[in-house]
Amino acid sequence: MEFPFGFTNDMKLTNAMIAKNIEPDDIPKIFNMAQKLNKIGDQLDYHFAVRLKDGSRANITATTKIQAFEDGTKYVLTALKDDTEQVNVNRMLVQERASFREALLTNARFSFSFDVDDGYLREDIFTAAGEDILVPMGLKVPVSFDEFGKALIEYMGIEFERKELQNKVNCEGLKYLYAHGFTAETLNYYLSKVDRYSRTQCFLAEDVETGHLMATFISYDITKQVKEEMTQRNLLIESMAATDRANAAKTEFLSQMSHDIRTPMNAIIGFTHLASNNCSSRTRVLDYLGKIKASSNHLLALINDILDFSKIESGKLEIVNDEYEPAKAYLLQQAKEMNLL
């Protein structure tokens, strides 16, 4: 026969034997429980820890009930269950959640948790600076989460990034999310009254002991991040606009250049044709050749200007500082045009 809780068959498994091994801190609790059993049918469920024969600790869940024999005599029936493994698992879960929560709370503005099935906030909510956020809104605990949500939205002038969430920050909305498989939700919003941006993360989980839906909210100030993103977005828009303007200017420039280049080219082609048809007239041919030369010089100047623009864009244009006499330069240009040079 296998005996529970590490005891052997040389020990009688009785309440008295268990009582001798109960952890001292739990003894008063058990006596207080026993005093609540008064009449037949009364039942109590309670937990305590015992020290086993090998020195290890066991966590016991007990159910005690008053029963009666047919002759009317009373007796107490107690059922014991070893919950050590489950308690250890729960303890590990609590520690993991605490570590997870501590990591999430880094740089958080404020956080709070509440029982969604209960629907009430029962603890004050303090910011990282130690301010109670309920006080300015004229609220005090206990206060329903739905009332708190409405007051906060109105007091801070909250504008949600996702407009459909405006009327869903309430217990029914949280239950709906959890029922449809959502255990986490992120809310981004603008606080118009103080010109700040915030991000609140909501985590939903079922309490392993009560079965109630629990919600944890952790809020961060993301004003700096959002404004940096807005600045970068504006710079990008300005850059794109400048690029569009530059492309438009290039298109207009090329269109104008095409017209300016076509004019001297037509002159060169036309006078070349006339010269070839009037070879017998030296005077006419020389006149045509002079006009062809003037048009060629004009075309060459246009091409040099285009090359200068290309050098400017590529950063290869070299600027030379030199003396310049406008009158002299004008006379030289006139001499070139009159074929004197």
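Out of all the residues in the range 254-286, which are assigned to a helix (DSSP H, G or I), hydrophobic (A, V, I, L, M, F, W, C) and either open to solvent by 80 Å² or more (accessible area, probe 1.4 Å) or under 30 Å from F309 (Cβ atoms) (or both)?
Selection gives L254, M257, I261, M265, A267, I268, I269, F271, L286.
Name every residue in the range 242-253 that is open to solvent by less than 90 Å² (accessible area, probe 1.4 Å) and either modelled with pLDDT under 80 or charged (D, E, K, R) (or both), in order of residue number.
Passing the criteria: only F253.
Go through the range 107-148 and report how many residues are in contact with a Pro (Cβ under 8 Å, 6 or more places away or on another chain), surrounded by 14 or more Cβ atoms within 10 Å (Cβ to Cβ) and more than 21 Å from Y220 (Cβ to Cβ).
The qualifying residues number 1.
Hey, could you check the range 149-194 for residues that are small (G, A, S) and open to solvent by 40 Å² or more (accessible area, probe 1.4 Å) and say which is nearest to S111 (Cα to Cα)? I'd like the intermediate steps shown before the answer.
In the first step, residues of the range 149-194 are kept if they are small (G, A, S); the result is 149, 151, 157, 173, 179, 181, 184, 192.
Those still in the list that are open to solvent by 40 Å² or more (accessible area, probe 1.4 Å) too: 179, 181, 184, 192.
On the way: A179: 23, G181: 23, A184: 15, S192: 21 Å.
Result: A184.
Could you run through the range 36-84 and say how many residues are closer than 23 Å to P24 by Cβ and part of a loop (DSSP other than H, G, I, E, B)?
Final tally of qualifying residues: 8.
Residue by residue through the range 200-219, note down the ones that are modelled with pLDDT of 90 or more, open to solvent by 40 Å² or more (accessible area, probe 1.4 Å) and over 18 Å from G181 (Cβ atoms).
The one that is modelled with pLDDT of 90 or more, open to solvent by 40 Å² or more (accessible area, probe 1.4 Å) and over 18 Å from G181 (Cβ atoms): H212.
The values are calculated or read from the model by the stated rules, or taken from the named source; none is laboratory data. Since we're looking at a predicted model, the values are computed, not measured. With ideal geometry, Cβ positions are generated from the backbone for all residues, glycine too; neighbour counts draw on all protein chains shown. Ligands, DNA and RNA are excluded from the accessible area calculation, which covers all protein heavy atoms including side chains. Shrake-Rupley method; radii C 1.70, N 1.55, O 1.52, S 1.80 Å.
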